[in-house]
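Data block below; observations after.
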Amino acid sequence: MKIKRAKFINFVGFDNGLNKSEVEIKFNDDDKRIVMIAGGNGKGKSTLLYNLHPGAGSNDPKRKTLTLEGKDARKEIDIQDGDKFYEIVHLYPAKGNTKSFIDLIDQLGVRTKLNPNGGVGTFNDILERELGFTNDFFKVGRIAPDNNNFN
């Protein structure tokens, strides 16, 4: 299973750290096995890592607000699992409820909407059934002097 692309629009950590409202990262197909993320303090590294989970929320225990207040936000993650390709989209409206969509795209490009209504509970069930992900599947540990993740 590989994350192929991630895109974030109006996320607090990128706005504060990079002064960017939109960040997109494409992971290439070459045979490299390591992805290194480097940058100064407060530049969005943890925001990226915590939000690469395909679920609707963040795994960042310190951050109460994921997205910029008063702005619609969006998270997109494309995942390839063998010959299956999944496009995941989370919509975080400034007002209203989060919507989470997952589409399965086959090798011929035929798209099947697995969660057409966008319900988060249904989305989580589909995510677990299709990819084996639960909210606690993907945890990030940071090693830093002010961090106690590894007690």
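The values are calculated or read from the model by the stated rules, or taken from the named source; none is laboratory data. Given the structure is predicted, the values throughout are model-derived calculations rather than measurements. For neighbour counting, all protein chains shown are included, and Cβ atoms are generated from backbone atoms with ideal geometry for every residue, glycine included. SASA here: full protein model, heavy atoms, side chains in, ligands and nucleic acids out. Shrake-Rupley method; radii C 1.70, N 1.55, O 1.52, S 1.80 Å.
Give all pairs with beta carbons closer than 6 Å in which a residue from segment 1-28 that is over 24 Å from GLU128 (Cα atoms) meets a residue that is open to solvent by 60 Å² or more (accessible area, probe 1.4 Å) and of a type in the set (Asp, Glu); count only pairs at least 6 apart in sequence or on separate chains.
Pairs that qualify, where the first residue is over 24 Å from GLU128 (Cα atoms) and the partner is open to solvent by 60 Å² or more (accessible area, probe 1.4 Å) and of a type in the set (Asp, Glu), are ILE9/GLU22.
Which of (1) under 30 Å from MET36 (Cβ atoms); (2) modelled with pLDDT under 95; (3) open to solvent by less than 40 Å² (accessible area, probe 1.4 Å) does GLU76 not meet, given it meets every other one?
Unmet for GLU76, out of (1) under 30 Å from MET36 (Cβ atoms); (2) modelled with pLDDT under 95; (3) open to solvent by less than 40 Å² (accessible area, probe 1.4 Å): (2).
Anything in segment 61-111 that is of a type in the set (Gly, Ala, Ser) and farther than 25 Å from GLY44 by Cα? List them, or say none. Let's see the steps before the verdict.
Going residue by residue through segment 61-111, those that are of a type in the set (Gly, Ala, Ser) are 70, 73, 82, 94, 96, 100, 109.
Answer for segment 61-111, where residues must be of a type in the set (Gly, Ala, Ser) and farther than 25 Å from GLY44 by Cα: GLY82, GLY96, GLY109.
So in segment 117-147, with the set limited to residues that are assigned to a loop (DSSP other than H, G, I, E, B), among the β-branched types (Val, Ile, Thr) and open to solvent by less than 100 Å² (accessible area, probe 1.4 Å), which one is modelled with the lowest pLDDT?
VAL140
The conditions are (1) surrounded by 14 or more Cβ atoms within 10 Å (Cβ to Cβ); (2) modelled with pLDDT of 75 or more; (3) not small (Gly, Ala, Ser), and ASP81 fails exactly one of them. Which is it?
(1)
Of all residues being within 19 Å of LYS20 (Cα to Cα) and in a strand (DSSP E or B) in segment 91-116, which is most open to solvent (accessible area, probe 1.4 Å)? Just the residue, please.
LEU91
Across segment 17-35, which residue is modelled with the highest pLDDT among those that are farther than 17 Å from GLU76 by Cβ and either β-branched (Val, Ile, Thr) or surrounded by 14 or more Cβ atoms within 10 Å (Cβ to Cβ) (or both)? Explain how you work it out, then say what you get.
Narrowing segment 17-35 to residues farther than 17 Å from GLU76 by Cβ: 17-19, 28-35.
The next check asks that each one be either β-branched (Val, Ile, Thr) or surrounded by 14 or more Cβ atoms within 10 Å (Cβ to Cβ) (or both); those that pass are 17-18, 34-35.
Working: GLY17: 78, LEU18: 81, ILE34: 67, VAL35: 68.
Residue satisfying both the conditions and the ranking: LEU18.
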